[in-house]
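Colleague: Just dropping this structure here.
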Amino acid sequence: ALGEELAAALAAGGAGLRMDLQPICAAASLAPVGYEALLRWDHPRLGMLDAPQVLRAAVAAGRGIALDAWVLVNAFRRRAGWKAGGPYLAVNVSAAGIRDGHAAPMIRAAIDSTGVDPRGLLVELPEAAVLHDLPAAGELAAMLRRAGIAVALDDFGAAAGSARVLRDIPFAVVKLDPLLTAGADRPGPEAGRIRAAVAAVVEMTHALGATTVAEAVESAEQMRTLREAGCDALQGWLLGRPGEGPA
C-alpha cells in the first residue's frame, strides 16, 4: 500500500517528497565545505519517512527508477540555484542505479535539464553496491569524472574487501562508515586499536589522493578523536542537522 501511495506521489510530481541538506564541515575550521542531500517523504498519514523507508516503498511499487530520477533532478536544481562556487552538494546513487546502469544517463539528463555546474556536485556510491558490481561502479565513476563531477565512496569500512575498491576506483572522497569509527572516543586499549585503524585508513586514502569524511559525529570527544586521526571533514548532528542548507 505504501508503494502504491509513493507511485501516486511521484506521478503528481513528487508530492510530499523533499530534500533536506546536512552540512559536511572541514575538520579544522568547522566551516561547511559541502552538504549532503537527504531524501524525506512527509507522508500525510505516517509522518516523516526517511530515505531507506522511501526506497523500500519505491522498490515494492516498481518505481525505483522514477524515484532516482526525482532525486537527481531536484538535488541538481537545488545546487544550480546557489551562488557560483561555494560548498558542493552530495547526492546518493542507489544500488539499483549502479547495477542496472540507469544512473549514468539519468545524471547526464539531470545536468542538462537543470543547468547545474557539475563541478559543484559530489555523487556518493554505496560501498556494498560497488563491491557487488565493481566493473559497473568503475564505469559509472569514470563517466562522472569525465563530466567534472567528484565521486565519493560512501559507508567505507562496513564490508570486507574495501581496500580493493580504493585500489581499483580513484575516488575523490571516502566517507567512513560509523561502524569503522565507533568506540574510538572511549578510554581503554580497545579504543586505541580503533583509533589506530582509523588513522591507518585516513593515511591510506590520503596516499591514494582522496579526502576523508567521518559520518555520524555526535559528540565533542568524537570530533576531537577524528580530528587527531587526520580526518579532513566531519558530518553529524553535532555539526548540523538536516535542514534547508545555503540560500
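Colleague: Anything in the range 48-67 that is open to solvent by 70 Å² or more (accessible area, probe 1.4 Å) and assigned to a loop (DSSP other than H, G, I, E, B)? List them, or say none.
Modeller: Arg63
Colleague: In the range 230-243, what count of residues is obtained for those that are over 19 Å from Arg40 (Cβ atoms) and not in a loop (DSSP other than H, G, I, E, B)?
Modeller: Of the residues in the range 230-243, 2 are over 19 Å from Arg40 (Cβ atoms) and not in a loop (DSSP other than H, G, I, E, B).
Colleague: Of all residues in the range 192-224, how many are surrounded by 14 or more Cβ atoms within 10 Å (Cβ to Cβ), in a helix (DSSP H, G or I) and hydrophobic (A, V, I, L, M, F, W, C)?
Modeller: So the answer is 8.
Colleague: So, one more: It is to be established whether one or more residues within the range 30-47 are part of a helix (DSSP H, G or I), open to solvent by 20 Å² or more (accessible area, probe 1.4 Å) and at pLDDT below 95.
Modeller: Among the residues of the range 30-47, not one is part of a helix (DSSP H, G or I), open to solvent by 20 Å² or more (accessible area, probe 1.4 Å) and at pLDDT below 95, which makes the answer no.
Colleague: Here's a follow-up. Suppose we filter Ala233, Ala197, Ala214 for residues that are in contact with a helix residue (DSSP H, G or I) (Cβ under 9 Å, 6 or more places away or on another chain), within 28 Å of Asp168 (Cα to Cα), among the hydrophobic types (A, V, I, L, M, F, W, C) and modelled with pLDDT of 95 or more; which single one remains?
Modeller: Ala214
Colleague: For the range 68-168, please list each of the strands (runs of 3 or more DSSP E) lying entirely inside it that holds at least 2 residues being open to solvent by 10 Å² or more (accessible area, probe 1.4 Å) and within 29 Å of Ala9 (Cα to Cα).
Modeller: Filter on the range 68-168 gives 88-92.
Colleague: Can you confirm whether Arg227 is touching a residue at least 60 places away in the same chain (Cβ under 8 Å), under 25 Å from Ser29 (Cα atoms) and not in a strand (DSSP E or B)?
Modeller: Taking the combined requirement at face value, the residue satisfies it.
Colleague: Can you pull out every residue in the range 56-86 that is within 21 Å of Arg119 (Cα to Cα) and among the aliphatic types (A, V, I, L, M)?
Modeller: Answer for the range 56-86, where residues must be within 21 Å of Arg119 (Cα to Cα) and among the aliphatic types (A, V, I, L, M): Ala69, Val71, Leu72, Val73, Ala75, Ala80, Ala84.
The values are calculated or read from the model by the stated rules, or taken from the named source; none is laboratory data. This one's a predicted model, so the numbers in the text were calculated from it and none came from an experiment. Cβ coordinates were reconstructed from backbone atoms using ideal geometry, including for glycine residues, and neighbour counts include every protein chain displayed. To get the accessible areas, we keep the full protein, side chains included, count just its heavy atoms, and leave off ligands, DNA and RNA. Shrake-Rupley method; radii C 1.70, N 1.55, O 1.52, S 1.80 Å.
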